[in-house]
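In what follows, a structure is listed as structure tokens, so that the remarks can point back to it.
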Amino acid sequence: MPADTIAIRDKPTLKQIETLVARLRRRQVIGAQETALETALLLRQIVSVARFNSIEQLTQLIKSIARRLIDANPKEFAVGNIVRRVLRLIREETAAALGPAEEPDNTSPFSVPNTPAFPNPPDLNSSRPQLRATNSLATFMIMGNQRVQPPNETRQSSRESTGLDHHGEDHFQGWDGEKKPLAITVKPLLIQAIQEVIDELETVYENVSKTARDHIYDGEIILTLSYSRTIEQFLKSAARDRHFTVIVAETAPSYSGRQMATALSSANIPTVLIPDSSIYPLMPRITKVILGAHAILANGGLFTQVGCALAAAAARAHSTPVVVCAGQYKLTPAWNLYHEYAALDFAGPEKVISFEEGGGGERRGAPLEVINPIYDYVKPELVDVLITNDGDHPPPYVYRLIKETYDDEDMQL
């Protein structure tokens, strides 16, 4: 079966795909975390019901569905990030199941070649793939079929244990000598790998806030904007060991900062709510600015809530450190395609000015144009550190994290 002819025949899964596409297009799924979780759940369902004869067919199927999701709302970068993450896990688990010799070559033009004066020892090169295959989830599950001999004595070469039959279907020969279709062997491993991604998304707030006490100290005055569940959990975690004050900007016209101020004050954290116009005058007294992120770009810049660019610029003018808290699933292999102060997305004008106040869309005989941006672009030089669920990183290191998280062939879905 060619890769381009594979399709999903399960009607509930097809309905689930269409429902998510419609919700993304209507903006009923808002926020990176919710979008990422919905995408991961859909990919798990797709892998569980898909009928494929090779991993190439499965990856092409996932990419085709991913393109529909991305086209429904291109501003939600979390969709593409989760798809890239899952595609990498599919290749890793398949390579571990097939054997070390079948692992794909992920070298790229940007890879550093081996230094001739210090070559790698042959035994070291040969041992590394073996350790990876032995400790992988695929090897662990396949060992359940082995009854008589240990793996090292019964493992055949990859060319002998894998192959294509006359129907063109990939097969895997386990250590017990039984020849099974590749899809039957790998599918449970892929579902388990995607489930681990889902578990990571569900616990991302707790994992980001683990190092809160290392970044916040007693007596600090912290500024934040808008409402972010990641920032809320981060500050609440730090409040268990530290005593500090939080200043929250209202973040007009959405005024989501009021929700943040209410959540923090209910946790007995000293909180002050200020209008956005007071950010710059109060900056000399602020010791740290903590921001959330909608997406972290490859150059270390980020798309975040409107008003954050103003706060970051004011903090840089007063040499105040800027800390960004975000899950690693927000790492996006894209650059800012707009000019440095442009917004990523726009909302309706009704929150800025009513239809009656706007004179029915005209003023003094000319059309009235009202711009209501949702996100700001913050340049990487305005950010001091990125705190993720995988540790703390400087903005210039983001490109390396993206390289380690996604495969080169998936940068363009």
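The values are calculated or read from the model by the stated rules, or taken from the named source; none is laboratory data. Nothing here was measured: the structure is a model prediction, and the numbers come from that model. When we count neighbours, we look across all protein chains shown, and the Cβ atoms used for this are built from the backbone with ideal geometry, even at glycine.
State whether the residues of the stretch 8-17 include one that is under 20 Å from V86 (Cβ atoms), under 19 Å from the mean Cα position of the chain (by Cα) and either surrounded by fewer than 18 Cβ atoms within 10 Å (Cβ to Cβ) or in the same structural domain as L87 (by TED's automatic domain parsing) (or both). No; the residues of the stretch 8-17 include none that is under 20 Å from V86 (Cβ atoms), under 19 Å from the mean Cα position of the chain (by Cα) and either surrounded by fewer than 18 Cβ atoms within 10 Å (Cβ to Cβ) or in the same structural domain as L87 (by TED's automatic domain parsing) (or both). Within the stretch 248-285, the set of residues being surrounded by 21 or more Cβ atoms within 10 Å (Cβ to Cβ), among the β-branched types (V, I, T) and either out of contact with any Lys or Arg (no Cβ under 9 Å at 6 or more places or on another chain) or part of a strand (DSSP E or B) (or both) comprises V248, I279.
Considering only residues in the stretch 214-250 that are of a type in the set (A, V, I, L, M) and over 26 Å from the mean Cα position of the chain (by Cα), the one that is farthest from A312 (Cα to Cα) turns out to be A239. The condition of being within 25 Å of the chain's Cα centre (by Cα) and either among the hydrophobic types (A, V, I, L, M, F, W, C) or in the same structural domain as D390 (by TED's automatic domain parsing) (or both) holds for only one of P321, P253, that being P321. Inside the stretch 365-413, residues that are more than 23 Å from R84 (Cα to Cα), among the hydrophobic types (A, V, I, L, M, F, W, C), in contact with a helix residue (DSSP H, G or I) (Cβ under 7 Å, 6 or more places away or on another chain) and at pLDDT 90 or above make up a count of 3.
Of all the numbered requirements in (1) at pLDDT below 90; (2) surrounded by fewer than 20 Cβ atoms within 10 Å (Cβ to Cβ); (3) among the hydrophobic types (A, V, I, L, M, F, W, C), V21 misses one, and that requirement is (1).
Per this entry, L331 is counted among residues that are assigned by TED's automatic domain parsing to the domain that holds V398, in contact with a helix residue (DSSP H, G or I) (Cβ under 9 Å, 6 or more places away or on another chain) and either aromatic (F, W, Y) or closer than 23 Å to T203 by Cα (or both). With a requirement of 1 or more residues that are of a type in the set (S, T, N, Q) and touching a residue at least 24 places away in the same chain (Cβ under 8 Å), the strands (runs of 3 or more DSSP E) lying completely within the stretch 362-409 that satisfy it span 385-388. Of all residues in the stretch 316-337, which are in a helix (DSSP H, G or I) and buried (at least 24 other Cβ atoms within 10 Å of the Cβ)? The answer is Y329, K330.
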